[in-house]
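The values are calculated or read from the model by the stated rules, or taken from the named source; none is laboratory data. Just so it is clear, the model here is predicted, and its values are computed rather than measured. Glycine also receives a Cβ, built like all others from the backbone with ideal geometry; neighbour counts cover every protein chain displayed.
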Amino acid sequence: MAKRKLGNSGLEIAPLVFGGNVFGWTVKEPEAFSLLDRFIDAGFNLIDTADAYSRWVPGNQGGESELLIGKWLHSKSAAERANVLIATKVGWDMGEGQKGLAKQYIFRAVEASLRRLQTDYIDLYQAHKEDAEVAPEETLEAFDELMKSGKVRAIGASNFRPATLASALSTSGERGLPRYECLQPLYNLYDRADFEGELEAVCRENQLGVITYFSLGSGFLSGKYRSKQDLANRPRGMRVEKYLNPRGFRILEALDEVATEYGATQAQVSLAWLLARPTVTAPIASATTCEQLDELIGATRLNLNAGVIGKLDQASSYSDEERQIA
């Protein structure tokens, strides 16, 4: 399986990233271990999480995902750990004022993540969101110290606007500080507007890796949610409802047609469309069963032709009005 370079970080990742947001939420410990083993055994290597996962679940405090991944890592040998890339994030609100990208907070947060992950280093440490109250150089100086100490191998950004990302990259160059080597944006066949344009241009011009999140639109692009009735008692129901509109149904219709043509599933076609984008390094996708994971892995073997990609582009195209709900 051909791996893809993540910016200029020296890290190479397989073309699918396991999304650890489900750990401590819809996936508990035994299932988590089975999923991670299957993912790595299939030749993939990057697991994405965050210190805030899964704080949105009633009764959770944050850190649950890192704890599960840490228990799994602890069961592995040093050689096995070396073949796994762990990506986590800092900056999201953890409660009681624990948030942001200030230097001293980053230093505290990384130690907490390292303890939960039961590892000596984080392969990819990402700023989870912008912090307008902290100068870019302060954040980058913190990351610089962590990289020099060996606790972090590479850094990335998530949920940054074009101007913020460009400013941070400029600061890195001017001050000789490490730069963000990748961006983790919301991007999928439906949610195109925020990434395409200025943000994508910044990534392309600076040769940044792009790791997309909500790559399947919280499950909508798998085709299993087609009405409000389908969302009843579903953990992601609130996130999916916004897609139930004429544009969303137009996309599902195109996915149905392409899936039939290729003998694939809608989820596989959706991920294959992302993998065909020149700026996308790898999509993040989550699974709660090994059967679901096998389906996602199958997407990396699906090569869509130009005509099909054009068809999906057209079905998911957005007018200025639709851009507002994209």
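When the range 287-309 is limited to residues that are small (Gly, Ala, Ser) and assigned to a helix (DSSP H, G or I), the one that is farthest from Ser65 (Cα to Cα) turns out to be Gly307.
Only residues that are part of a helix (DSSP H, G or I), of a type outside the set (D, E, K, R) and either in contact with a helix residue (DSSP H, G or I) (Cβ under 9 Å, 6 or more places away or on another chain) or under 17 Å from Thr49 (Cα atoms) (or both): list them for the range 80-117, please. Gln104, Tyr105, Ile106, Phe107, Ala109, Val110, Ala112, Ser113, Leu114, Leu117 - these are the residues of the range 80-117 that are part of a helix (DSSP H, G or I), of a type outside the set (D, E, K, R) and either in contact with a helix residue (DSSP H, G or I) (Cβ under 9 Å, 6 or more places away or on another chain) or under 17 Å from Thr49 (Cα atoms) (or both). Residues in the range 57-79 that are free of Cβ contacts under 8 Å to residues at least 40 places away in the same chain and not in a loop (DSSP other than H, G, I, E, B): Ala78, Ala79. Test Phe39 against the criterion of being surrounded by 23 or more Cβ atoms within 10 Å (Cβ to Cβ) and over 14 Å from the mean Cα position of the chain (by Cα), and give yes or no. It is true that Phe39 is surrounded by 23 or more Cβ atoms within 10 Å (Cβ to Cβ) and over 14 Å from the mean Cα position of the chain (by Cα). The single condition from (1) buried (at least 22 other Cβ atoms within 10 Å of the Cβ); (2) on the phi > 0 side of the Ramachandran plot that Gly197 fails is (1).
When each of Asp93, Asp131 is tested for being out of contact with any Leu (no Cβ under 8 Å at 6 or more places or on another chain), of a type outside the set (Lys, Arg), at pLDDT 95 or above and farther than 29 Å from Lys3 by Cβ, the lone residue that passes is Asp93.
The residue that is modelled with the lowest pLDDT, among those in the range 27-54 that are part of a loop (DSSP other than H, G, I, E, B) and of a type in the set (S, T, N, Q), is Ser54. Residues that are in contact (Cβ under 8 Å) with a residue 12 or more places away in the chain and among the acidic types (Asp, Glu) number at least 1 in the following helices (runs of 4 or more DSSP H) confined to the range 119-211: 136-148, 198-205. For Ala267, the conditions (1) outside any loop (DSSP other than H, G, I, E, B); (2) touching a helix residue (DSSP H, G or I) at 6+ places or on another chain (Cβ under 8 Å); (3) surrounded by fewer than 18 Cβ atoms within 10 Å (Cβ to Cβ) are fulfilled apart from (3).
The residues listed here are Gly70, Gly43, Gly95, Gly20; of these, the one that is closer than 19 Å to Ser158 by Cβ and small (Gly, Ala, Ser) is Gly20. Determine, yes or no, whether Gln229 is of a type in the set (S, T, N, Q), more than 16 Å from Glu295 (Cβ to Cβ) and without any contact (Cβ under 8 Å) to a residue 12 or more places away in the chain. Yes, satisfied.
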